[in-house]
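The block underneath contains the structure these notes are about, expressed in structure tokens.
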Amino acid sequence: MRALIILFMSLVLSGQVFASQNPAAFLAQLWDEAKSSGIDRSVFESALGGYRPLDRIATQSANQPELVEGVGVYVAKRVDPRIDQGIRRMREWSDTLARIERQYGVAEEVLVSIWGMETNFGGYMGNEKVPHALATLSETGRRADYFRSELLTALRIIQDGHITADGMVGSWAGAMGQTQFMPSSFMQFAVDFDGDGRKNIWSSVPDALASAANYLRNNGWRPGETWGYEVRLPEGFSARDGAMTLAEWQQLGVRRVAGRSFPRPGDQARLYLPAGIDGPAFLTLPNFEVIKRYNNSNSYALSVGHLADRLIGGGAFVASWPNGPELTRTERRELQSHLVRLGYDVGGVDGVVGSATRTAISAFQRQQGLPVDGYPTPDLLRRLKEQV
């Protein structure tokens with residue numbers, strides 16, 4: 001969940017320079033709000049004593065690897081190095097994971113995969129003092145109210161005795177613990193699974209993993225179902241939006257790779273082409289979207305699902321990833337601008353290729369008689385330039 005807020009951090013800090021007001025004045029105003037929320041002065045002082053705005057957060061916000069990496073690179077860098085350690089962790093915590101799965105219905109391998117993706121199995125939870133990071137984000141930016149609310153919630157967590165102020169460490173964006181919960185998610189979904197009276201997602205592996213399971217369950221996780229399948233498309237196949245049953249996809253000639261069958265042909269699935277028509281293809285199930293509730297990124301959800309499969313003996317993807325260059329963010333903005341000039345709705349010219357931009361690309365490809373995959377490529381950008 002550490003990267004959950006990447007989606008809107010560009011809005012928070014885009015074009016912003018950290019120019020703090022007087023920290024003492026800011027803290028005085030913040031104390032008024034904290035006091036009204038029932039926070040003790042001693043808690044406030046322990047959490048925010050010596051506070052100064054953290055200018056380095058602006059640099060962190062601009063350094064988001066998914067903005068420059070292709071999906072294939074993103075997945076390989078995050079999945080391959082975690083397979084062996086993930087298998088060891090599953091064995092180490094097998095009894096706890098089994099109890100969590102029985103209670104919450106989330107598969108063990110999925111929880112371990114998220115654990116690995118978020119903090120490398122607890123190896124790196126971030127080194128920022130969460131109250132100080134959230135205070136910095138509360139002072140500047142267009143989402144200041146959001147972060148101020150998160151900060152007040154963080155103070156409540158400290159006051160409730162779940163963690164000390166010094167122990168509340170996390171990412172520059174305020175995500176905390178081994179499974180990287182924002183404070184509001186902690187308050188809603190964290191659980192005391194080890195029975196010691198505290199919800200400790202920092203040093204208690206049972207609490208951290210059970211909290212992640214509780215989060216997924218409450219966001220629609222379907223027990224007994226997987227996230228999706230790698231598939232092979234028939235020659236000349238054009239991508240289409242919307243969900244159909246796996247059986248209906250089969251009727252269109254879509255097949256699971258390596259001759260495998262779909263164990264539940266009645267499940268609803270959507271086609272996902274992370275690198276366009278020339279790369280691996282997937283039919284994703286509802287649990288794929290639930291993983292995205294943890295972190296709203298297709299690349300993240302694909303990595304979590306693939307790592308989970310590898311932890312229980314699944315193999316690498318069958319299809320190869322394309323070797324062609326990815327569009328830079330500037331080029332993606334240019335592509336979006338051309339689509340807008342041609343009358344397509346891209347959901348905003350921001351260099352982020354989301355669902356609206358992919359739909360617009362698909363419509364343009366269809367209008368041009370091209371293979372439809374909704375994927376931005378240098379060739380597509382060239383064609384758009386010619387049209388404009």
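The values are calculated or read from the model by the stated rules, or taken from the named source; none is laboratory data. Predicted model only: the values in this text are computed from it and were never measured. Ideal geometry is used to build each Cβ from the backbone, glycine not excepted, and the neighbour counts take in all protein chains shown.
Structure above, values below:
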quantity	calculated
Of residues in region 328-355 being closer than 20 Å to TYR300 by Cβ and of a type outside the set (Val, Ile, Thr), the one surrounded by the most Cβ atoms within 10 Å (Cβ to Cβ)	ARG332
Some residue of region 294-312 being more than 30 Å from MET182 (Cβ to Cβ) and assigned to a loop (DSSP other than H, G, I, E, B)	no
Set ALA316, ALA258: member being in a helix (DSSP H, G or I), aliphatic (A, V, I, L, M) and over 18 Å from the mean Cα position of the chain (by Cα)	ALA258
Among the candidates ALA360, ALA301, residue that is modelled with pLDDT of 95 or more and within 23 Å of the chain's Cα centre (by Cα)	ALA301
Region 108-142, subset under 29 Å from ARG89 (Cβ atoms) and among the hydroxyl-bearing types (Ser, Thr, Tyr), residue surrounded by the fewest Cβ atoms within 10 Å (Cβ to Cβ)	TYR124
PHE26 of a type in the set (Phe, Trp, Tyr), at pLDDT 80 or above, crowded, with 20+ Cβ neighbours inside 10 Å and over 22 Å from GLY305 (Cα atoms)	no
Qualifying residue in region 262-285 (condition: part of a helix (DSSP H, G or I) and either in the same structural domain as GLU118 (by TED's automatic domain parsing) or of a type outside the set (Val, Ile, Thr) (or both))	no
Answer from MET90, MET125, MET117 - the residue that is part of a helix (DSSP H, G or I) and either over 14 Å from HIS306 (Cβ atoms) or among the charged types (D, E, K, R) (or both)	MET90
Residue check for ASP350: charged (D, E, K, R) and modelled with pLDDT of 95 or more	no
Only one of ASP207, ASP192, ASP166, ASP145 that is in a helix (DSSP H, G or I), among the charged types (D, E, K, R) and surrounded by fewer than 24 Cβ atoms within 10 Å (Cβ to Cβ)	ASP145
Neighbours by Cβ (under 9 Å, 6+ apart or cross-chain): first from region 359-380, within 18 Å of LEU233 (Cα to Cα); second among the aromatic types (Phe, Trp, Tyr) and in a helix (DSSP H, G or I)	LEU370/PHE364
Which numbered condition SER138 misses (of (1) modelled with pLDDT of 95 or more; (2) over 21 Å from the mean Cα position of the chain (by Cα))	(1)
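Yes or no, residue by residue, for (1) without any contact (Cβ under 8 Å) to a residue 40 or more places away in the chain; (2) out of contact with any strand residue (DSSP E or B) (no Cβ under 9 Å at 6 or more places or on another chain):
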| site | (1), (2) |
| --- | --- |
| ARG156 | no, yes |
| ALA165 | no, no |
| VAL169 | no, no |
| ALA175 | no, no |
| SER184 | yes, yes |
| ALA190 | yes, no |
| PRO206 | no, yes |
| ALA210 | no, yes |
| THR226 | no, yes |
